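One structure is given below, encoded as structure tokens.
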Amino acid sequence: MASEAEPGRRRRCCAQDTPDVPKVLDSRGDSDGPRRGSLCDRHCATIYNVQGDLGDLGCHLHRPRVPPAMSTLSCCQQHSEEVCESCVVKTTLTAENAVEANKLSNNYKFGFKKWKSHVTARPWEDRSEIVKELYSDLNIIRGSGGSTLTCGNVLYLLLFGWWLSLLYVLVAALMFITVMGAPYGRLCWDLARYFLWPFGKVIQKAEVPKSHQVCEAGVGESSALLGGPTPRRWRPWCWAGTGYWQHASTAVWLCLGYPVLALAHGLVCVTAWLLIVLIPVAKLSARATSRVLLLPPERVLIRRLRMTEVPLEREVILCCYRAANPYYYKYAVDGINVFAVNLLPLVLVTLVLGYVDSHNHLTGSAVKFTLALLSIMPLSYYIGMAIASISAQSNFAVGAVVNATFGSITELTFYITALIKGSREGNRCYAEVVKSALTGTLVGCVLFVPGLCMVIGGIRHQEQRFNSRSAGVSSALLFLSVGGVFAPTLFSKVYGKLVCGECHNVTQNPLGHYLCHNCHFDLMDNNGTLYYSHVQPLVYTVSLLLPAAYLIGLCFTLKTHTHIYDIHISDCHMPGHHHSAVVHWSRWRALVILLLSTFCMSACADLATEHISPILTNSTISQYFISVTVLAMVPELPEIVNGIQFALQNNLSLSIEIGNCIAVQVCMLQIPILVLFTIFYPTNFTLVFSDLHVYASMFSVVLMNYIFMDGKCDYFQGTVLVMVYFILLAVYFFAPSPSGC
């Protein structure tokens, strides 16, 4: 238990916006821990802060008791080194509830998808003021809003303000012409000045003065739109003594004025929402359409705020200070990041355009292929969110099955549809595209993903540490998987017959040198005896051994040697403020979204393979380059973003594991599944890769293991990985297209 002097400090800590990053506890704060100030203790405390990832940003109330065998004192007694190994691997995670704790724990489990975003609603009091401002309505008066002359406000004036104000002037003129709509004409005139520059101004809902309530006595009960007097304005229905003028004015407004303005505000709302940083403008337009324009004109009061304005007594409807906020990239709708929300309509456009315009009357194949490829990104995000939600709310067995089943569904749908199309057309090029995409994913996840995370994380943190033991397990599996995948290729190089398409005698001498083109190892010599009797059995054997090795790795890391991670879950609850888990997606909702996203992913993959042939045929760029870059890395963009976010929070262990796990799954799950698929549906896919793929993959794995040996890195080592990746891309760019394409 914690001492009595600590709750106050923890409450101050919990008031911050604490990300879901692990925090390691200081052994000196535990009453049961050692009190010596030895050199080893100080090193252990330092490593705890480094390995714990953002030391002071987490908060906890319940500290796990460190077993005597794992305590710092016993560690120092057993080891003479200044730094204790058991201190390095110990990690304590902070979570708001049990569901988030399960998600954080799953992030450190081998074979589980690493997910940064929350799967439950975060407690409002734990969020920072910046995040609270993102979700607040535009009806809060601030004492000092500062200067309203900002770049974002000027951008609003140039994009929306001038023409929106002009439209209000035209609608006001139309309302005055109708005579009966004159009260709304005056309102539109006032709103024209407001929407030209709405910053620092406030729209309030005026109260009905008692002296004017007699005007509504004969009208009866009415709604907020139809009822209410008009102080300081023309009230024709009071003249008539009935509600005729009131209803007539409202009818004219709803028929002539409101639809035009609602359409304009809808356009502004959609445009500003898509720009993300201008989401405050979208909120401004939505609130104006749903509240301001539906109020009676006499109930709308527009005024300018002073710098020292006290809180107003009347109800505030609109009050905006800034048109742009760069922090809106953090904004989420029902747990879904705003970028994924904005890209979802792209999926619908892709599906409609792809299947309705099948003969390319509206757009060409290049546009459809690009749209299909871009649609894979939000679908990958939804699949990842659904997998993380189901795993966090289920037991270990269900989570492992879901991750193993749907973890690679994005890539497999594209590969399988490409192989089916190549088999139907008798085109070997599709099989080569799949092999290149597999190699590109492997090389990219081994070099580019961890390298980029090291560079970006190294800009904020001078040196980053990670769990070298857990990374060593993934590296060992990666060595094994690469050796197994390329074993049939090496076998064919040794025993295959070299066949060349065309040879020329350079020296004009029968015994001189010959220059040959399109040379390859023929495995079908003597009616395919070498392939069917030797290579194919080897392929099947490797395809059985690799998944078995993957299962052994799961058992090793998740069952028998869980102390490699040594993860402790610590609550982030303030005394008397227990937060129950409010999940964004329930298990059934997540399952439905997972199935729908998988179905849409299959459709987009089908469209991508349907329209990739003209691009591969007519492009002057090597097909190797297109496959190892665009086709391989675009589906992995959500994973890359997660890795970058972890690296920025000094949690490089998860950034490295993201790339390693994808690479291991490519070799140990995706390739065996493709081999198994070719048994039931014969295709041109064989597990024999080109020399370029073999050399690039093996060199990448060796370099990665060399970089990860010492358990620490900086931006320079990340730069080395990224530069090597770009060098390999240059090799693929200038390489000739594979034979048969």
* For segment 588-607, what are the residues that are under 21 Å from residue 423 (Cβ atoms) and open to solvent by less than 50 Å² (accessible area, probe 1.4 Å)? -> 601, 602, 603, 604, 605, 607
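Can you name the residue in segment 345-359 that is open to solvent by 60 Å² or more (accessible area, probe 1.4 Å) and not aromatic (Phe, Trp, Tyr) and is also farthest from residue 276 (Cα to Cα) among such residues? Lay out the reasoning, then the answer.
Restricting attention to segment 345-359, the residues satisfying the condition of being open to solvent by 60 Å² or more (accessible area, probe 1.4 Å) are 345, 348-349, 352, 355-356, 358-359.
Among the residues that remain, those that are also not aromatic (Phe, Trp, Tyr) are: 345, 348-349, 352, 356, 358-359.
On the way: 345: 15, 348: 20, 349: 20, 352: 25, 356: 30, 358: 33, 359: 35 Å.
Selected residue: 359.
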* **Residue list for segment 378-415, restricted to those being open to solvent by 40 Å² or more (accessible area, probe 1.4 Å), in a helix (DSSP H, G or I) and not small (Gly, Ala, Ser)** => 396, 398, 401, 405, 406
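Any residue that is in contact with a Cys (Cβ under 8 Å, 6 or more places away or on another chain), on the phi < 0 side of the Ramachandran plot and open to solvent by less than 40 Å² (accessible area, probe 1.4 Å) - is there at least one of those in segment 325-344?
First, the residues of segment 325-344 that are in contact with a Cys (Cβ under 8 Å, 6 or more places away or on another chain): none.
No, that holds for no residue.
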* Structure fact -> Selection over segment 705-741 where residues are part of a loop (DSSP other than H, G, I, E, B) and among the aliphatic types (A, V, I, L, M) yields a count of 2
* How many of the residues in segment 101-145 are assigned to a helix (DSSP H, G or I) and not acidic (Asp, Glu)? -> 13
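Can you confirm whether residue 716 is of a type outside the set (Asp, Glu) and open to solvent by 70 Å² or more (accessible area, probe 1.4 Å)? Reasoning before the result, please.
Numbers: of a type outside the set (Asp, Glu): yes; open to solvent by 70 Å² or more (accessible area, probe 1.4 Å): yes.
Yes.
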* Asked: Can you find even one residue in segment 653-675 that is part of a loop (DSSP other than H, G, I, E, B), touching a residue at least 12 places away in the same chain (Cβ under 8 Å) and open to solvent by less than 30 Å² (accessible area, probe 1.4 Å)?
  -> no
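Tell me yes or no: at least one residue of segment 131-142 is in contact with a Gly (Cβ under 9 Å, 6 or more places away or on another chain), under 21 Å from residue 331 (Cα atoms) and open to solvent by less than 30 Å² (accessible area, probe 1.4 Å). Even if it seems obvious, please write down each step before you answer.
Keep residues of segment 131-142 that are in contact with a Gly (Cβ under 9 Å, 6 or more places away or on another chain), which gives none.
Checked against the condition, which is being in contact with a Gly (Cβ under 9 Å, 6 or more places away or on another chain), under 21 Å from residue 331 (Cα atoms) and open to solvent by less than 30 Å² (accessible area, probe 1.4 Å), segment 131-142 yields no hits at all.
In the set 317, 387, 376, 336, which member is over 29 Å from the mean Cα position of the chain (by Cα) and not hydroxyl-bearing (Ser, Thr, Tyr)? Lay out the reasoning, then the answer.
Numbers: 387 fails: over 29 Å from the mean Cα position of the chain (by Cα); 376 fails: over 29 Å from the mean Cα position of the chain (by Cα); 336 fails: over 29 Å from the mean Cα position of the chain (by Cα).
That would be 317, the only listed residue that is over 29 Å from the mean Cα position of the chain (by Cα) and not hydroxyl-bearing (Ser, Thr, Tyr).
When you look at residue 622, is it surrounded by 19 or more Cβ atoms within 10 Å (Cβ to Cβ), polar (S, T, N, Q) and in the same structural domain as residue 366 (by the TED database), yes or no?
Working: surrounded by 19 or more Cβ atoms within 10 Å (Cβ to Cβ): yes; polar (S, T, N, Q): yes; in the same structural domain as residue 366 (by the TED database): yes.
Considered against the rule, which asks whether it is surrounded by 19 or more Cβ atoms within 10 Å (Cβ to Cβ), polar (S, T, N, Q) and in the same structural domain as residue 366 (by the TED database), residue 622 comes out as yes.
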* Structure fact -> Checked pairs for segment 103-117, first within 15 Å of residue 555 (Cα to Cα), second surrounded by 22 or more Cβ atoms within 10 Å (Cβ to Cβ) and basic (Lys, Arg), C-beta under 8 Å and 6 or more apart or across chains, list as 106/113
* To do: State whether the residues of segment 630-639 include one that is assigned by the TED database to the domain that holds residue 415 and within 20 Å of residue 473 (Cβ to Cβ).
  => yes
* Here are some conditions: (1) within 27 Å of residue 141 (Cβ to Cβ); (2) modelled with pLDDT of 90 or more; (3) not small (Gly, Ala, Ser). Residue 319 meets all but one. Which one does it not meet? -> (2)
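The values are calculated or read from the model by the stated rules, or taken from the named source; none is laboratory data. Every value quoted in this text rests on a predicted model; they were computed, and no experiment measured them. Using ideal geometry, Cβ is built from the backbone for each residue, glycine included, and neighbour counts are taken over all protein chains shown. Just the protein is used for accessible areas: all its heavy atoms, side chains included, with ligands, DNA and RNA removed. Shrake-Rupley method; radii C 1.70, N 1.55, O 1.52, S 1.80 Å.
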